[in-house]
Structures are given as C-alpha cells and as structure tokens.
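No value in this document is a laboratory result; all are computed from the given coordinates. On a predicted model such as this, the values are computed, not experimentally measured, just so you know. Positions of Cβ are backbone-derived with ideal geometry, glycine not excepted, and every protein chain shown enters the neighbour counts.
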Amino acid sequence: MSALFTEAFLTALILGAVTAGIPLMLAGLGEQISEKAGVLNIGIEGMMLIGAYTGFLVAYFTGSIWLGFFSGSLGGMAVASLMALFCVRLGLSQIVIGIALTLGAEGLTALLHHFQFSQSYPRLEAVESLAIPGLSALPVIGPALFDRPPIIYLAIAAVAVTAWVFRSTNLGLALQAAGDKPAALDAAGVDVIAVRTGAVLTTGLLAGLGGAFMAEVGAGIFVPFMTNGAGFIGIVLAMLARGRPLWVLLGALLFGACLSATTALQVAGVDIPTDVIQMLPFAAVLAILVVFGRRASLPPALGSHYVRGAR
Amino acid sequence: MTDPAASSGIHPSPGMPDPLIALDHVTKRFPGVVANDQVSVAIWPGEVHVLLGENGAGKSTLVGMLSGIQQPDDGGILIEGREVSIDTPATALSLGIGTVFQHAMLVPSLTVAENMALGGKAWTRPDRQGIRRDMDKVCTDLGITIDPHARVGSLSLGEQQQVEIVRAVLRHSRVLILDEATAMLTPKGAQELGALMRRLVARGLAVIFITHKLNEAVEFGDRITVLRLGRKVGEIAPDRLRTLGSEAVTAEILRLMFGSHVVGADTGGRRRPTPTGETVLALSAIDVPDESVPVRGVDLTIRSGEILGVAGIDGNGQKQLAEAIAGQRRLGAGTIRLAGVAIETLSVADRRRLGLRYVTDDRLNEGTVGSFPIALNLVLKQVGEEPFWFRGVQRSAPIADHARRLVSEFDVRTPGVETAIGKLSGGNIQKALLARELSGEARVVIFAKPTYGLDVQNIRATRQRIRDAAERGCAVMLISTDLEEILELSDRIAVMDQGRVVGVVDNDADARSRVGALMSGAHR
C-alpha cells in the first residue's frame, strides 16, 4: 500500500475530486440559497438534468462551451421558474412539485435524447484549461487545481460571492428573514414572494450550470439520468452546511473525492473490485449523515407557503 | 356618551384640524363572520387611544386594516383628511403607521441591528454602525436599554417589544399600534410599557393601544373606544375620562363591553369550609428530571372536593410537575396514587381512564389539533374507544352528537361542530378543552394556567367551571401564576420555587402575605 500515495495518485484524486465536486457544489450552493429563503427545493435534480441536456445540446451544435454553460443555466432557471410559480406563488406543496419536476425532467431528457441520438452518441471535445501562472507549476495541486477549465474558477468565485451576499448585504438579511420569519420580513416592507422567487431562480441557475458542467466538462457527453442523484447530494450538503457557503464547497470536494476514487485507485493500480469502489460515495453519504446528520439545521419556515395575515 | 357625533369622533367640531387617521365606517367580512361592522374611529396625535374589547370583538382585524395586512370591504381610511388605500405592510410603513404585533415581528436568528436594517436596499451593506448610533439616541430619549448586537432570539418578549417600538420610532412612524402588547408581559413590564407610551405621545406620536384588560385601558388611555362583536359600542373622550373617576369609567366600560347585565365583583369569594373528603391524589417524593428546572421531592395530597392552588413564579417546575402527573413525562422517583392505586407507571390513556384529567396551558400546540374539527378535538383523548370508534372504525354520528352536547353545555361559540378548532378565538378553544377534560368520570383535574390570555367573561366562566368540578367531588390542582386567582379559588395553597414545593398554607386571612413571602424566596 505504500505505493498508494504517489504523486500520480494524489493528482488524479484531487483532479477527480474537483471535477466531480463542482457540480455537487453548485447544486449545494443553489439549494442553500433556496433553503435560506424558506423553499425546500427538491426539484434541483431535475434542474441539473435539464441544465446538462441543454448545455450539452447547445455546446454540441454551436461548438461553444460558453454558450453551453449559458443555456444550461437558462434551462435550470426555466425549471426553477415552474417551481417558483407553483410553490412560491400558488403555494402548492414544495415536496410534491419538487418530485414532479425531477421525474418530469428525467423523462423528458431521456425521451428527447433518444429521438435525437439513437444511432450515435456524440462526444464533445475536451474543454480547454486555463493555467494560472506560477501556481500551476506546483507539484500535485498545480495540475489538479490551477490548470483547469476557467468555469471551475468561476464556480468557486460563486461561493465567495454567495458568502458575501449572505454576510454583508441587506439581501442576505432578507433571504434569512424569508426562511426564518417571513411575516417579519413582510412587516418590514419587503415582498416575501419576490425574495423567494429570486432565490429559487438563482438555485435553478446554479443547478443548471452544475448540470451543464457535468455534461460538458465531466463527461463530455449527455447520457440519460446522468446526474445520478447529484442534486440530492446537493440537498444533503446544503443541510449539513447550515447556511455556510464555504462548508458546501468543502463538503462537495469530499464527496467528489469519494466519487473519483475509482479512477485514482485504478491509477494507483490497487486491485479492488470496481463495485466496491463505486459504493464508496454512497457509503460516505451514509456515514456522514450518521455522524453529522443531527447537526443539520433548517430554517423554521422551510417548506411552508407564506400567506400574509393567515393564522 | 352615546351622542352619535361625539362617539363617532370622526367629524370634529369646525375649526379643529383633521385627525391623523380616521377609519370611516369600515366593514370587514370573513367567511361566516362580520369582523368589523361600520366602525368609525379617529386617531389624534399626542393621545394614547385604547381599543378595548373581548376576544373576537374585532380589534385585531381593525389593526390588520391599518397595518396593510387586510383591506376593508366597505368604508375608507383617511390620513389627515385624504383617503388612502393601505394595501401592503410597506404602504403602511411609508404612511407612517408602525405596528407592534402581539407576536413579535422580528427575525430571531438576526441581531437587533440587523432586524432594524431589514428592508434596506438589496445590494448595500446593512449600516450596522449608523443604526447603532440612531438606536442609542432613541433609546436614551425613551429611557430603555437594548444591545444592538444581541441576537433577537435571546431577548425576552418584553425586550423584543421594546425593539419593535424603537424600530417604529426610527422609521419616523407618526402612529404606533400596539396589538395586545401587554399579553406577554409581567405586571412590572406592563407598567414600564405604560410609561413608555406616555413618553411616545409626549413626542407627538399617536399611540393605538389594543387590549382586553380593563385596568390597563383606564390606566394608560387618553381616549377609549370600546368594541363588541365587531361593532363600536362607545367611545370615552379624554375630558370625560379625566372628569369621571376610574371607578365610574370602569363601570361604564363594563356596561359597554358586556351589555346591560353588570358583571360585578365575584360572588364566589372565599370558599366553603375545608373539605374533609378522602384523599384522592397523593404524590410522594416525586422527582422529575428536567434540563432547566428539575422537580425534586414533591409531597402533596388533594382530597375529594378540594382545590389545591399551586402558586409560584412561572417556570419554577409547575409545568414539569403537571406533565409528570398526567403521564406525559417520566418520573425520576416517587409514587403517584389515585384513590390508593399507584399510577406512576401507567400510560396517559390509562390514567385518563382512571379519572385523571389535565387541562394544559398550551391550548394550541398540546391541547388541540388546530386543523381538526371541534368534534374530533373533543374525543382526541379517546381515540379508538367506543362508542366513538367501533373495531377501529371511526363513527361520525356519535362523535358529532357528543360534540353538539358538549358545545351547548359548555357554551362554545362556533359556527358548527365541524369547524376547525384553530379558527375559534382563544376563549372558545379553552371552553372546548374544558369540555373535553371535565366531561365523563373525572376524579382528579389538573389545571395549568387555565385563564391565561382569556378575557374577563371567559375568565369568570372558567373559574366557575373549576369551582363546579370541586363541588362535584373532584380533587383539583390549580396551577396559576395569578395570585388573585389562587386566593380566590383555593382551599390550600402550595408554593413552588426552583422545582420544590417550599410550603403549603391554608387559604386563610393571612395567606396572601405568607404565600407572597414563600414565592419571593424568603425561605431560602
């Protein structure tokens, strides 16, 4: 086993952790914004899947990964706008609508993909990376962290921006109030519905981007059901992070490392059945939930529709 | 008094300026009820205007229309003579109407300063330092101290209320509405609030003070409007309030609130000679584990027909003790005997079957299921029992019959037995709870703060129910933080302090001073 922690192994592990972790992080970050505002967004898996599909499609036909990311985000927002309409405006059950959106997105993307690409499964070209001068020359973390596609740097910047909004802006206060005591926010003259709608749309944007990232950077291909529970892991991350964006990032990298362990262990030449390795991320989720689950905390008004003056 | 021009108050004598706010014949209907019927009220600057009425008189609806939460169906609202439409809380704020709701409208997880900043421009940084400076100034003016960086959730309800008042002043409110502001306060807190209202009107604000407590209305008010069943039934103007003595004003208000039949002082008074029935409930060496207030070494007995008052400052283990007797909490040690039978290991349902009843003070969460109909709430503790259930199947006819009988017997005012109980007023929910707990074969009844938050009429009715239960031979434990109530009803009085019973005294002539001494910790 001493040969396990070679430079090649560590590089592969961290590289894979980032590639697999970024979509989880985007989903978790988005979910965190929704939850902070009091909307439990279970439809996030569907938002990611639509994001992955539209992102792949646009990138494939236009040849521009950036247009892919952009339309993936829009796709996620489109699903989110349904969530906002049904749950935030009309007050339908967030759980029922969330599940419906996820199932709907799964069916829709699988169907469309089947019609379009039943003969061949086209691949996208590998996404070009942007080396950060100096840092990219470092051993192990250089190639794994600082010689990557620029969208990764943008995604990590989103964590910083979210943290800043939460901590240092009136918008952050409004989001927290919407999830903690919406009536107080309303009485302070802020439109609760607008704040929650904005939060849900932002979730859609981030989740859609996460999905597009999976298809364009992670896989280079669209496969039906390819998000494979990433949105749900995002929900778990958001709950465990208790409102802190940085914790979402760290958690996502941890989960990403588990997901990418397959590749890394193969690089290291360890002879473990792949079935066992593929169980790792899910075992990790279980273990983390058992250990930290009771520390998860949710805003008091999460999941409840706000109606002014209702008793 | 009932001269229409004077009582409407809306059209002042010529030469006087327009009132700050005028409600002009506003009507608001909800399904099944007219909450406000053609109500006209004028609010003047520099006055504490009391809106007085029983639960369900329409006070809260009136507040809702002024603060933008509800809109009137008919009639209008005028500010300085101009008709306005207050369609959102934001509009109310911009018109200078600040509201302090009965349940604090603050975000518990944010600090005081952050709560003040709420509603600022989205992308700007909350100006915590600036808010702190402004707050310090207002706080000094009003003579209150609040730490701007304290998390709201860690403040007492009285402090939260002060935060809301300061916030309203900071937002340049010209009218401050205090909705049942004293309901959650200690008597001392209420006095402080009264003094604070005086300082606010001295600054030229108008204060609208909503209450169902007569003494507060007389003590704090400059002008009193009395509401009854959604209608305005009278107004007492400042000059009249001054010339009449407080007793005459009280009598007049009582007449307005409850119609012609005068609700005099209680006729019950001190009770009959000490009951000599046999001991029904015997607690010995009871320990109840609890994180905050563990109960230790409680020995108490209650005879048939006896009312044992449990006095003490709130939160000294009374609730824990009551729940342990009812079976909702595990005992650490000790025995509970009901007519000689040890019941400490029995379930809640088994204890109930033996005749033990517990009327909780938490009517909404623990006592009832708000969304269930009244009929079902009345059999909530007999789920699965005949005749309401037969072999596991719910039978609606017996349940409804049972409910109709109790609703009429206990005078629960409701549109019907299928109405969700959460839609009723607090007084009627309490009546329903009493109906459930006092019907059937009750032998021991524990009342936890039974009149908390009720209006005068319901308080009297509830106290009569307690007396009646004892008359019928029940052993009654009356837990209350209202010493007057304990002294009025009890035969003996136990005092709890820090989880222990620190003394049991007979309710005789000097009970008040002895109980007071025990409550204040003189035994320590």
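A straight Cα-to-Cα reach below 13 Å connects B:Lys121 with the aspartates and glutamates A:Asp191, residues fewer than 8 places away in its own chain not being considered. In sequence order, the stretch B:305-317 has phi-based couplings of x, 9, 10, 9, x, 10, 9, x, 5, 3, x, 10, x Hz under the Karplus curve 6.51 cos²θ - 1.76 cosθ + 1.60, θ = phi - 60°, and Gly or Pro positions carry x. Computed from backbone phi with θ = phi - 60° and the Karplus coefficients 6.51, -1.76 and 1.60, the 3J(HN,Hα) list for the stretch A:206-217 is 5, 5, x, 4, x, x, 4, 4, 4, 6, 7, 9 Hz; x is used for glycine and proline. The Cα center of the stretch A:32-110 and the Cα center of the stretch B:91-142 differ in position by 36 Å.
When the square roots of the Cα gyration tensor eigenvalues are ordered a ≥ b ≥ c, the ratio a/c for the stretch B:103-172 is 1.5 or more and a/b does not exceed b/c, which makes its shape oblate. Report, by chain and number, residues whose modeled amide H sits under 5 Å from the one on B:Leu227, excluding near sequence neighbours (fewer than 5 apart, same chain). Sorted by chain and number, the residues that satisfy this are B:Leu52, B:Gly53, B:Val233. Extending 7 Å from Cα along the Cβ direction at B:Glu409 and again at B:Thr124 yields two label points whose distance is 6.4 nm. Could you sort out which of B:Lys188/B:Lys319; B:Lys59/B:Lys319; B:Lys28/B:Lys59; B:Lys188/B:Lys431; B:Lys319/B:Lys423 sit more than 21 Å apart by Cα distance in this structure? Pairs exceeding the cut-off: B:Lys188/B:Lys319; B:Lys59/B:Lys319; B:Lys188/B:Lys431; B:Lys319/B:Lys423. Averaging Cα coordinates gives a centre for the stretch B:395-417 and one for the stretch B:436-487; these two points are 21 Å apart.
Between B:Arg29 and B:His103, residue separation times 0.36 nm minus the direct Cα-Cα distance comes to 24.3 nm. In the protein assembly as shown, helical runs assigned H by DSSP with n ≥ 4 each contribute -39500 (n - 2.57); averaged across all residues and rounded to the nearest 500, the mean residue ellipticity at 222 nm is -14500 deg cm²/dmol. Overall form of the stretch A:108-192: oblate. Here a/c, set by the Cα gyration tensor axes a ≥ b ≥ c, is 1.5 or more, and a/b is not larger than b/c. With the simple spin-label model, which puts each label point 7 Å out from Cα in the Cβ direction, the A:Asn228 to A:Leu67 separation comes to 3.0 nm. Under the combined filter of DSSP loop state and at most 15 neighbouring Cβ atoms within 10 Å, the stretch B:430-495 retains these GluC sites (Glu not before Pro): B:Glu441. Its Cα gyration tensor gives the protein assembly as shown an equivalent ellipsoid. The semi-axes, each the square root of 5 times an eigenvalue, are 58, 36, 25 Å from largest down. Note on B:Asp508 and A:Asp191: with the Förster distance fixed at 41 Å, the Cβ-Cβ geometry gives a FRET efficiency of about 0.10. Please give the Cα centre distance for the stretch A:113-130 versus the stretch B:302-346, rounded to the nearest Å. First find each Cα centre; the distance between them is then 72 Å. Ellipsoid semi-axes for chain B, based on the Cα gyration tensor and the rule √(5λ), read 43, 27, 24 Å when sorted largest first.
Secondary structure note: in chain B, about 55% of the DSSP beta bridges are antiparallel.
Other protein chain C-beta atoms within 10 Å of residue C-beta, averaged over A:190-201: 1.
The 3J(HN,Hα) values that the Karplus relation (6.51, -1.76, 1.60; θ = phi - 60°) gives for the stretch B:215-225 are, in residue order, 4, 5, 4, 5, 6, 9, x, 8, 9, 10, 10 Hz. Gly and Pro appear as x. Per residue of B:102-112, other chain Cβ atoms within 10 Å of the residue Cβ number 5 on average.
I want the antiparallel fraction of DSSP beta bridges within the protein assembly as shown, as a percent rounded to 5. Once the DSSP bridges in the protein assembly as shown are tallied, antiparallel ones form about 55 percent.
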